[in-house]
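Data first, discussion second: the structure below is written as structure tokens.
All of the numbers you see were taken from the coordinates with simple rules; none came from a lab. Predicted, not measured: the structure shown is a model, and the values here were computed from it. FYI the Cβ positions are ideal-geometry reconstructions off the backbone, even for glycines, and counts take in every protein chain you see.
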């Protein structure tokens, strides 16, 4: 029984490790930022464009992410000299009020073409969450894209409402675009990507999964075992609709393709209880390049 509990807490994925040692390691990883880079060829793109992606910050004054990690991520974006900064949801955990401290800071990220955002399921946890976060972002000059698009740097930059909590209406975007422009879509939940195969989605940027948060040898992402984790992490059941898996498509992290469409799933910054094994938090730099 002890071994099972340790496993469910991510405690003994490494043979012989004690609960305190593994817990300490998981917190160390949760505070260690990984810089991920990728290049994506885009047909019809006239000139290269550099994007920086931040996701799943879950700012709640410490239990999920340390402020120093957010500072490190923003410094990496500054050094990368990104043309465009995109934020892909879950800025808070449950209470929306911490956005009042986070939004002004995010709004100061240097970006030649601006900062754009979509909301995630945690950004809709209370009746006032969506409005509170959207208002804070507007004051910080961060544009929230909710089932709409805008022309930025030669691409159609689009964003949807959250796939679970809504309003999710991608038809409003693609009816206007009609597959005519290079399109980058911001959508918090990666599962939505697989429903858009008939649309032109040169790149979808998502988060939501935390990369699984804990990945154990032979067992994969621990968050895939959600029903067994609810006893130990009851906050999960508050954020996940009944009957839903965190991802039904297995889109946990990294790159995926379907035809000419391309998906990238960020592991994000925040971690429930700062528990992270095999899934270090990330900031992502994406170079869009013209496709030969």
For this session: Could you work out the relative contact order of segment 34-290, using alpha carbon pairs under 8 angstrom and six or more residues apart, expressed as a whole percent?
Result: 28
Exercise. In nanometres, what is the gap between the two model label sites at residue 219 and residue 105, each 7 Å from Cα along Cα-to-Cβ?
Worked result: 3.2
For this session: Would you mind putting 65-71, 129-135 in packing order, based on average other-beta-carbon counts within 10 Å, highest first?
Result: 129-135, 65-71
Exercise. Computed over the Cα atoms of segment 45-100, what is the ratio Rg over Rh, Rh following Kirkwood?
Worked result: 1.07
For this session: Report the equivalent ellipsoid semi-axes for the chain in whole Å, largest first, defined as the square roots of five times the eigenvalues of the gyration tensor built from alpha carbon atoms.
Result: 31, 20, 19
Exercise. Can you give the alpha-carbon Rg of segment 23-77 over 2.2 N^0.38 Å, where N counts its residues?
Worked result: 1.51
Seminar exercise, completed: Checking rank on 79-92, 138-151, with mean other Cβ inside 10 Å and highest first, the result is 79-92, 138-151
Problem set entry | Counting DSSP beta bridges with both ends in the chain, the antiparallel % (nearest 5) | 35
Problem set entry | Value of [θ]222 nm, deg cm²/dmol, for the chain, DSSP H segments ≥ 4, -39500 (n - 2.57) each, nearest 500 | -6500 deg cm²/dmol
